[in-house]
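The structure under discussion appears below in the form of structure tokens.
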Amino acid sequence: MKSDFSLSVQYASTAENLPTRPRFRKWVGAALQNPAKITIRIVDEEEGRSLNRDYRGRDYATNVLTFVYEESEGDIVICAPVLMKEALEQKKPLESHYAHMTVHGALHLQGYDHESDGEAAIMESLETAIMAKLGYPDPYGV
């Protein structure tokens, strides 16, 4: 995977224990196959819900949204309260869940999707391999 990319991290959340920029850089770098220009924005529930409603027509805050502007440029928006809730419910370490959602968003920026079962299987397989490479457990394991 390539590490030739620029990364901006915007902290627009009041949540505690947010990953550092170097952590995000490591996770994105592990997932990228080509050079890219990426912004990661960590938001609270209100902004996450607003973005999901305005751009996807779904009136709730979701864990991660990805906005692709060009083939090698885009934004990953992570909703901190949703990730914290999911990590607790799924009994996952918060850092591992942040890593997974960052990898997930980076794969979306590169054209991967999970709309069909076949696409989902490919994307989940890549996510699992990247997470293992980073030293985290299978995000889809029980």
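Structural remarks
- In this structure, Val64 qualifies as touching a residue at least 24 places away in the same chain (Cβ under 8 Å), among the β-branched types (Val, Ile, Thr), under 27 Å from Ala132 (Cβ atoms) and touching a helix residue (DSSP H, G or I) at 6+ places or on another chain (Cβ under 9 Å).
- Of all residues making up the stretch 30-54, the number that are surrounded by fewer than 18 Cβ atoms within 10 Å (Cβ to Cβ) and modelled with pLDDT of 95 or more: 9
- Each residue in the stretch 102-123 was checked for being farther than 25 Å from Thr20 by Cα and assigned to a helix (DSSP H, G or I), and 7 pass.
- Scanning the stretch 57-85 for residues that are at pLDDT 95 or above, over 20 Å from Thr20 (Cα atoms) and not aliphatic (A, V, I, L, M) yields a count of 6.
- Yes/no for Ile130 being more than 19 Å from Val9 (Cα to Cα) and surrounded by fewer than 16 Cβ atoms within 10 Å (Cβ to Cβ): no
- Here the stretch 60-80 is the region considered, the condition is being in a strand (DSSP E or B) and not aliphatic (A, V, I, L, M), and the residue that is farthest from Val9 (Cα to Cα) is Glu70.
- Among the residues of the stretch 15-55, those that are touching a residue at least 40 places away in the same chain (Cβ under 8 Å) and part of a loop (DSSP other than H, G, I, E, B) comprise Ala15, Asn17, Leu18, Pro19, Leu32, Gln33, Asn34.
- Subset of the stretch 86-119 that is among the aliphatic types (A, V, I, L, M) and without any contact (Cβ under 8 Å) to a residue 60 or more places away in the chain - its residue that is nearest to Ile130 (Cα to Cα): Met101
The values are calculated or read from the model by the stated rules, or taken from the named source; none is laboratory data. Here the structure is a predicted model, which means the values were calculated and not measured. Please note: Cβ atoms are built from the backbone with ideal geometry, for glycine as well, and neighbour counts cover all protein chains shown.
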